[in-house]
Amino acid sequence: MRKGDHLTELTSTTTSPKELLWAVFIRLTLSPIAMGVLLFGSAGSLRYWNGWLFLVTVFVLTIIFAVYFYKKDPSLFKKRMKIHEEQKEQRTYSKLMIALFPITFLVAGFDYRFGGSHVPLWLVAVSFMAMVFGYILIVIVMVQNTFASRVIEIQQNQRVIDTGLYSFIRHPMYMAATIMCTAWPLVLGSYYALIPILLLPVVLVYRIKNEEVVLRAGLDGYREYAKRVRYRLIPFVW
């Protein structure tokens, strides 16, 4: 069994609400702890207020929307807990993401420790609003597409979603993630942390190209949909 498969097995085979809630509790507990260790460990201080702003906001928003989807769409909630990719290319994507985010947090923390960046408060505030906006967009995408699994797969009875945000762009979830994540460094008060996170769109392009191969081959109507909606990640660009 590969590393991470145990948690995947737990969430993919979960049938009882208690088991699902336990899996969610583990995920929601470990993630902020890991981010906190990276941010404050590299910053060398708990006075890193940008780190607290980021962590508290992400944690609160995640809790609110986790409760919402647990009650409104538990099947989607369970699919969002899956982490194991079947495609080799997507496993490569997962490894890249596992490296990209911690590096971004470490750079931001060290930037605070050594005083490399002086991001003005107004820019932190604007970036904070962009981060929250991106997070809300992700939630809207999940509301509009109940097939929005975390992993690349063709689900039983899956159909093409071509309404809402999907009528303008083929992968609105990735667009929203790009907006949210590229705001992180400035919320964290670091210009230098922009360097690693700006690789995110490149990594997402890699993921999208493989995902489109899977969708075109296995999802009825996707080829026609791709002809109607030209843009994949950034409207009017690509």
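Once the other residues with Cβ under 10 Å from the Cβ of S42 are scored (Lys, Arg +1; Asp, Glu -1), what is the net sum? Kindly include the intermediate steps, with their values, before the conclusion.
Values: positive: R113; negative: D111.
Around S42, the charge tally is 0.
Could you give the Stokes-Einstein D for segment 86-145 in µm² per second, using the C-alpha Kirkwood radius, 25 °C, 0.890 mPa s?
So the translational diffusion coefficient is about 170 µm²/s.
Please work out the FRET efficiency for the pair L28 and I234, using the Cβ-Cβ distance as r and a Förster radius of 41 Å; give the result to the nearest 0.05. Before the final figure, lay out the partial values.
Values: r = 31 Å, r/R0 = 0.75.
It comes out at approximately 0.85.
Report the local net charge at Y225: Lys and Arg +1, Asp and Glu -1, summed over other residues whose C-beta lies under 15 Å from its C-beta.
Here the count lands on +3.
Hey, any idea what the orientation-averaged projected area of the convex hull of segment 117-238's Cα atoms comes to, in nm²? The partial results should precede the final answer.
On the way: hull surface 31.1 nm².
Taking a quarter of the hull surface, the average projection is 7.8 nm².
Could you work out what % of the accessible surface of segment 191-232 is carbon and sulfur, using a 1.4 angstrom probe and leaving DNA, RNA and ligands out of the count?
Carbon with sulfur: 60 percent of the solvent-accessible area.
The values are calculated or read from the model by the stated rules, or taken from the named source; none is laboratory data. Everything numeric in this text was worked out from a predicted model, so none of it was measured. Methodologically, a virtual Cβ is constructed for each residue, glycine included, from the backbone with ideal geometry; neighbour enumeration extends over all protein chains shown. We work out accessible area using only protein heavy atoms, side chains counted, and drop any ligands, DNA or RNA first. Shrake-Rupley method; radii C 1.70, N 1.55, O 1.52, S 1.80 Å.
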